[in-house]
Amino acid sequence: MIKVLVSGAAGRMGREVVKAVVGDAETQLVGAVDKHLIGQDAGQVAGVDAQNVLIADNLAQALRASGAEVAVDFSTPQAVRANIQTMLDAGVAPVVGTTGLKQDDLDAIEQASRTAGIPVFIAPNFAIGAVLMMRFAAECAKLFDTAEIIEYHHDKKLDAPSGTAFKTAQVMRAARAGDFEHIGGDTESEGSAAPHSRGGDMGGIAIHSVRLPGYLAHQEVIFGMAGQTLSIRHDTITRECYMPGVLRAIKAVRGLQGLTYGLENIL
Ligand code: NAP
């Protein structure tokens, strides 16, 4: 049994992770941390039987007291960097789904992981369909010179662009070993009626972030060339879709080294 602590256990994703860890024969819930619902049973908060694991507010203490071997973090973009460091300091392997981490953060985490001698697993998207979307987008990136990404998320999402859009743009640029052709129509200049309406630019790819109630998580990658477009789209229907990937990472992380970024590395 792998002993697992869940950080962000009272959140939307954290509750799903608690449920998944409790329901899997190879994992055991031993700790739960959040900033609210402190003192409540993490299992009951997640809608399953009481687990005798109360939500605590101090991560370092909870890691020590629980004897966790793996800590899963679905907290906030503001908290995740410090949480990962606290997990490494405690000798516990982090599995991280929290988004908002930039390349500088990933470089620093890789360094911290190697210094501590504890592996770290981060995936901006734990859904298999999203991983395949990125793989197909990388393939198309070799043959199309222009592309844009539109990502759609619920209104509570704190970061933009999404971690998935950020990673998709990264793999698309890596696949063609360079930037895409920038399409004009900039709205950044003074006097534009709606500044930035051409989206954020990552290596010539315009990324548009829609935030509206009603959406969960969706992304469309559109490639264009004279006379044709090609769209690749992934839609998330429920948060359950992430759990097979999260469980796989929990079981794999301690056999990895340094920072592993992306679910595709353990499929
Ligand atoms: P959420 O419902 O807001 O849950 C986050 C929880 O973390 C909240 O209960 C929050 O408490 C708590 N928290 C705040 N600071 C904390 C700290 N220092 N330590 C521990 N917990 C802390 O958000 P969500 O929808 O579950 O999403 C969580 C993250 O996962 C987001 O970054 C989201 O983009 C990401 N995500 C990733 C994937 C993936 O596949 N990788 C999929 C979906 C979502 P307060 O409300 O008091 O701040």
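Among the strands (runs of 3 or more DSSP E) confined to region 118-216, the ones with at least 3 residues that are within 15 Å of the ligand (Cβ to nearest atom) and either of a type in the set (A, V, I, L, M, F, W, C) or open to solvent by less than 30 Å² (accessible area, probe 1.4 Å) (or both) are located at 120-122. In a strand (DSSP E or B) and in contact with an Asp or Glu (Cβ under 9 Å, 6 or more places away or on another chain) - does that describe any residue in region 7-21? Within region 7-21 (the criterion being in a strand (DSSP E or B) and in contact with an Asp or Glu (Cβ under 9 Å, 6 or more places away or on another chain)), the answer is yes, since at least one residue qualifies. Residues of region 70-86 that are under 19 Å from D107 (Cβ atoms) and touching an Asp or Glu at 6+ places or on another chain (Cβ under 9 Å): P77, V80, R81, N83, I84. Just one of the numbered conditions (1) at pLDDT 95 or above; (2) surrounded by fewer than 23 Cβ atoms within 10 Å (Cβ to Cβ) is not true of P77: (1).
Restricting attention to region 2-49 and to residues that are under 22 Å from the mean Cα position of the chain (by Cα) and among the acidic types (D, E), the residue that is surrounded by the fewest Cβ atoms within 10 Å (Cβ to Cβ) turns out to be D24.
Find the residue count for region 93-105, including only residues that are within 14 Å of the ligand (Cβ to nearest atom) and modelled with pLDDT of 95 or more.
Quick first cut of region 93-105, residues within 14 Å of the ligand (Cβ to nearest atom) only: 94-102, 105.
Now narrow it down to the ones that are modelled with pLDDT of 95 or more: 94-98, 105.
Going through region 93-105 one residue at a time, the tally reaches 6.
You will find that of P94, P77, the residue that is outside any loop (DSSP other than H, G, I, E, B) and assigned by TED's automatic domain parsing to the domain that holds E26 is P94 and no other. Residues in region 178-201 that are among the acidic types (D, E) and closer than 21 Å to Y152 by Cβ: D201 alone.
When you look at I84, is it more than 18 Å from the chain's Cα centre (by Cα) and surrounded by 17 or more Cβ atoms within 10 Å (Cβ to Cβ), yes or no? Please lay out each step first, then the result.
Numbers: more than 18 Å from the chain's Cα centre (by Cα): no; surrounded by 17 or more Cβ atoms within 10 Å (Cβ to Cβ): yes.
Taking the combined requirement at face value, the residue does not satisfy it.
Restricting T260, T236, T229 to residues that are open to solvent by 60 Å² or more (accessible area, probe 1.4 Å) and hydroxyl-bearing (S, T, Y) narrows the list to T229. What are the residues in region 50-65 that are within 14 Å of the ligand (Cβ to nearest atom) and open to solvent by less than 40 Å² (accessible area, probe 1.4 Å), if any? Selection gives I55, A56, L59, A60, A62, L63.
The values are calculated or read from the model by the stated rules, or taken from the named source; none is laboratory data. The model shown is predicted, which means the values in this text are computed figures rather than measured ones. Note that each Cβ is placed from the backbone with ideal geometry, even for glycine, and that neighbours are counted across all protein chains shown. The protein model used for the area step is the full one, side chains on, heavy atoms only, and it has no ligands, DNA or RNA in it. Shrake-Rupley method; radii C 1.70, N 1.55, O 1.52, S 1.80 Å.
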